[in-house]
Amino acid sequence: MIAGFERPNAGRILLDGVDLAAVPPYRRPVNMMFQNYALFPHLNVEANIAFGLKQEGLAKREIDRRIADMVALVKLEGFGGRKPHELSGGQRQRVALARSLVKRPRVLLLDEPLAALDKKLRGETQFELMELQREVGFTFIIVTHDQSEAMTVANRIGVMDRGRLIQVAPPAEIYEQPNSRWVADFIGDVNLFAGRLGDDGLSIEGTAAGRLHVAVKPDAEPGTMVWVAVRPEKVRISREPPLPGLDNCVAGTVVDIGYLGDVSIYKLRIRDGSPVKAVIANVGGRSERVAGVDEQVWLSWPAEAAIVLTR
């Protein structure tokens, strides 16, 4: 709908206060980079980038200048005469990006722009994309199903479920302060404990992990059913029993361990059989695991790490 390929059934699409709903796609200050890049196989890099400018009838000198600027911007100097089949996946992605930017749109739409790249190249390109956006100063709207990619490249994230925006906020707020269980579970991993809000507003009674404590009172009445969300990296694992009176502590058994190099993922079961996940940094190497499979341990987390969700 932003690109103009579909008409909205209701509402408006505003760009700087102007409603675009009735404006045809070719007259909108919007461009789009498709997931499959959609490069012309019979044209070289420079001709692919120049295609939209030639359609507008720009002078050759202006076209050549803009092509040179774009080729330098996406770091493809020396590749202007190559055809798409002579380029790597990352280079084709840069050509598609240059072709989308060369017409200087006010808004650039990107559909899964990094999906065709391997994991390492995708990680490197994420930061290049952020740098490029800052250089050109256009608004980028990116669709991605990769949560870590969204967290890395976005200034603001809109989480959608069945066509509805559930939460719109900066990445850190989406992750640290989700507004529902659905968002908390969709963005990253999370441990959820259901219980009822205590009279003091800071305790949650009857959860699988026992009585839990939080640092911030939720907007809910005592006795209301709520959920406590705890991110795995906030969970501490210890072989030693907790000190008397320690908040948010429960016994568990290690079920499995996944070693990922920089961190290890621990899958555990607490006393009622509920699964809990913890992520521990491997600061001492693989040989210094905090616990082994089938070992009894204690799990804990500070009250500040617990997020209370009311829906």
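Distance in nm between label sites at Glu221 and Ser148, each 7 Å beyond Cα in the beta-carbon direction?
Result for the modelled spin labels: 4.5 nm.
For a quick check, take a GNM of the chain with Cα springs below 10 Å and name the residue from Glu173, Glu221, Glu205 with the largest mean-square fluctuation.
Residue with maximal mean-square fluctuation among Glu173, Glu221, Glu205: Glu221.
Listed here are the pairs Lys234/Lys277; Lys217/Lys277; Lys119/Lys234; Lys83/Lys119; which of them are more than 19 Å apart at the Cα?
Result: Lys217/Lys277; Lys119/Lys234; Lys83/Lys119 exceed 19 Å.
List the chymotrypsin sites (Phe, Trp or Tyr not before Pro) within region 231-311 that DSSP assigns to loop and that have no more than 14 neighbouring Cβ atoms inside 10 Å.
Taking region 231-311 and a limit of 14 other Cβ atoms within 10 Å, no loop chymotrypsin sites (Phe, Trp or Tyr not before Pro) are found.
With charges set only on the Cβ (+1 for Lys and Arg, -1 for Asp and Glu), what does the dipole of the chain come to about its Cα centre, in debye to the nearest 20?
Its charge dipole is roughly 1160 debye.
Could you work out how much longer the chain between Ala38 and Arg239 gets when fully extended? Use 0.36 nm per residue separation minus the Cα distance between them, nm to one decimal.
Working it through step by step, the gained length comes to 66.8 nm.
Taking the dipole about the Cα centre of the chain, with the C-beta of Lys and Arg at +1 and of Asp and Glu at -1, give me whichever of Ala154, Ala10, Pro222 is farthest to the positive side.
Ala10
Explain nothing, just the number: relative contact order of region 189-309, from Cα pairs under 8 Å at least 6 residues apart, as a whole percent.
31
Where the centroid of each part is defined by its Cα atoms, how far is region 98-150 from region 37-54 in Å?
Computed from Cα coordinates, the inter-centre distance equals 19 Å.
Where does the charge balance sit around Ser203 when Lys and Arg score +1, Asp and Glu -1, over other residues with C-beta under 15 Å from its C-beta?
-3
Using packing as a proxy for protection, rank 224-233, 135-144 so that the peptide with the highest average count of other Cβ atoms within 10 Å comes first.
Per-residue Cβ counts within 10 Å, averaged per peptide and sorted highest first, yield 224-233, 135-144.
Tell me the chymotrypsin sites (Phe, Trp or Tyr not before Pro) within region 1-90 that lie in a loop according to DSSP and have at most 11 other beta-carbon atoms within 10 Å.
Hits after loop and neighbour filter: Phe5.
For region 184-287, run through the trypsin sites (Lys or Arg not before Pro) and keep only the ones in DSSP coil with at most 12 other Cβ atoms within 10 Å of their Cβ.
Arg239, Arg271
Mind telling me which of Gly90, Gly78, Gly195 comes out most flexible in a GNM of the chain, alpha-carbon contacts under 10 Å?
Most flexible of the set in this elastic network: Gly78.
If I stretch the segment between Val18 and Leu121 completely, what's the gain in nm (0.36 nm per residue apart, minus their alpha carbon distance), one decimal?
Extending this stretch completely gives an extra 33.3 nm.
The numbers here are math on the coordinates, done by the rules we state, and not lab data. These numbers come from a predicted model, not from an experiment. Note that each Cβ is placed from the backbone with ideal geometry, even for glycine, and that neighbours are counted across all protein chains shown.
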